[in-house]
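The values are calculated or read from the model by the stated rules, or taken from the named source; none is laboratory data. All of these numbers come straight from a predicted model, not from anything done at the bench. Quick reminder, even Gly has a Cβ in these numbers, built from the backbone with ideal geometry, and neighbours come from all protein chains shown.
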């Protein structure tokens, strides 16, 4: 076992504090990664606060991990010492179910092994990226292309793939009108990726406060959802709406913005339930759907896609001692657009 420094929450809603954790020895097919940067995802806060249900503590969050391989097991063929790599929301799966065989490990029939607040096949609790090092099976590690610096690449391992996967699945591209609800960590990547795919992109945000940023990142239009006239003006406009917010929305109102056969896809995960009048989907043959992250193959595809034009996340780099302040700022929507921890400060 290897002892490494990390930041952990000792109990629900407790502040994160510096501690040490044990990483397993490097097995035959494992890689040891020296973590350089770790993004702070809103999911981290939901889990530390047990907003999605009971969790396991102490908890070391972090599933947006970018670093450098420092050791490989004797059977490793995918990665070598010195490679620039990333780890996202999962570190294993059953590998034999239909979804795993199809490259959809995120929908593993047995449930994937999550990077933190999960249980590995060895029965041990998993600890995430707010730490110095991590040991991961080579099959769940992706390559960070040279066109991306590690700091801006880290958030792509969740925010990037969570946006990319549904945009690709629902065929966002030339001739399609796509709306992105929310201009935060997920939303700003949704705007960048939808624009790069060739879609006509509209941001739907509570206010116009971030309009200049939205247009700079690739949006063609920007509307405030706090203005009731927005929903009248945009009724029946969009082929696809990607909702990235983690608060309940009036779904009936947003579904009215779809064209016939349009899809409203939710990637945000509110802690509270939402209600829906089914006539909102029946009228217009509309689809209300959800999407998780992406599989390993699709995550690599997304990284390569972002690297070609050379865009990563818009980040604010912080020291590990600033994590708790960053959590408060995320909850206040006071970040543009992703906090990334410089793990050299742990």
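Does at least one position in the range 313-332 carry a residue that is under 16 Å from the mean Cα position of the chain (by Cα), over 22 Å from residue 129 (Cβ atoms) and surrounded by 15 or more Cβ atoms within 10 Å (Cβ to Cβ)?
No, the range 313-332 contains no residue that is under 16 Å from the mean Cα position of the chain (by Cα), over 22 Å from residue 129 (Cβ atoms) and surrounded by 15 or more Cβ atoms within 10 Å (Cβ to Cβ).
Filter the range 125-143 down to the residues that are under 22 Å from residue 46 (Cα atoms) and surrounded by fewer than 20 Cβ atoms within 10 Å (Cβ to Cβ) and list them by number.
125
Mind checking which residues of the range 216-226 are surrounded by 15 or more Cβ atoms within 10 Å (Cβ to Cβ) and either part of a loop (DSSP other than H, G, I, E, B) or touching a strand residue (DSSP E or B) at 6+ places or on another chain (Cβ under 6 Å) (or both)?
So in the range 216-226, the residues surrounded by 15 or more Cβ atoms within 10 Å (Cβ to Cβ) come out as 217-225.
If the condition is that a residue be surrounded by 15 or more Cβ atoms within 10 Å (Cβ to Cβ) and either part of a loop (DSSP other than H, G, I, E, B) or touching a strand residue (DSSP E or B) at 6+ places or on another chain (Cβ under 6 Å) (or both), then 218, 219, 220, 221, 222, 223, 225 are the ones that fit.
Residues to consider are 22, 50, 54, 64; find the one that is assigned by TED's automatic domain parsing to the domain that holds residue 325, closer than 16 Å to residue 327 by Cβ and free of Cβ contacts under 8 Å to residues at least 60 places away in the same chain.
Details: 22 fails: closer than 16 Å to residue 327 by Cβ; 54 fails: closer than 16 Å to residue 327 by Cβ; 64 fails: free of Cβ contacts under 8 Å to residues at least 60 places away in the same chain.
Step by step, each of 22, 50, 54, 64 is checked, and only 50 is assigned by TED's automatic domain parsing to the domain that holds residue 325, closer than 16 Å to residue 327 by Cβ and free of Cβ contacts under 8 Å to residues at least 60 places away in the same chain.
Can you tell me which residue among 249, 240 is surrounded by 17 or more Cβ atoms within 10 Å (Cβ to Cβ) and at pLDDT below 95? Before you say what the answer is, go through the steps one by one.
Numbers: 240 fails: at pLDDT below 95.
Of 249, 240, the one residue that is surrounded by 17 or more Cβ atoms within 10 Å (Cβ to Cβ) and at pLDDT below 95 is 249.
Got at least one residue in the range 271-279 being crowded, with 22+ Cβ neighbours inside 10 Å and either within 30 Å of residue 93 (Cα to Cα) or out of contact with any helix residue (DSSP H, G or I) (no Cβ under 7 Å at 6 or more places or on another chain) (or both)? If you could, list the steps in order and put the result at the bottom.
Of the residues in the range 271-279, the ones crowded, with 22+ Cβ neighbours inside 10 Å are none.
There is no residue in the range 271-279 that is crowded, with 22+ Cβ neighbours inside 10 Å and either within 30 Å of residue 93 (Cα to Cα) or out of contact with any helix residue (DSSP H, G or I) (no Cβ under 7 Å at 6 or more places or on another chain) (or both).
Considering only the range 271-284, I want to know if a residue exists there that is touching a residue at least 60 places away in the same chain (Cβ under 8 Å) and closer than 30 Å to residue 207 by Cβ. Talk me through it step by step, then tell me what you get.
The initial filter retains those residues of the range 271-284 that are touching a residue at least 60 places away in the same chain (Cβ under 8 Å), namely 271.
Now drop any that are not closer than 30 Å to residue 207 by Cβ, which leaves 271.
Yes, the range 271-284 contains a residue that is touching a residue at least 60 places away in the same chain (Cβ under 8 Å) and closer than 30 Å to residue 207 by Cβ.
Looking only at the range 152-194, how many residues end up being part of a helix (DSSP H, G or I) and buried (at least 20 other Cβ atoms within 10 Å of the Cβ)?
Applying the first criterion (part of a helix (DSSP H, G or I)) to the range 152-194 yields 152-157, 159-169, 185-194.
Now narrow it down to the ones that are buried (at least 20 other Cβ atoms within 10 Å of the Cβ): 152-157, 159-167, 185-194.
Count: 25.
Looking for whichever is in contact (Cβ under 8 Å) with a residue 12 or more places away in the chain and under 18 Å from the mean Cα position of the chain (by Cα) here; the options are 32, 104. Which one fits? Step through it out loud before you land on a result.
Values: 32 fails: under 18 Å from the mean Cα position of the chain (by Cα).
None of the other options fit; the residue is 104.
Suppose we filter 167, 186, 215, 148 for residues that are outside the structural domain of residue 81 (by TED's automatic domain parsing) and more than 14 Å from the chain's Cα centre (by Cα); which single one remains? Can you show your working first?
Details: 167 fails: more than 14 Å from the chain's Cα centre (by Cα); 186 fails: more than 14 Å from the chain's Cα centre (by Cα); 148 fails: outside the structural domain of residue 81 (by TED's automatic domain parsing).
Selected residue: 215, the only one of 167, 186, 215, 148 that is outside the structural domain of residue 81 (by TED's automatic domain parsing) and more than 14 Å from the chain's Cα centre (by Cα).
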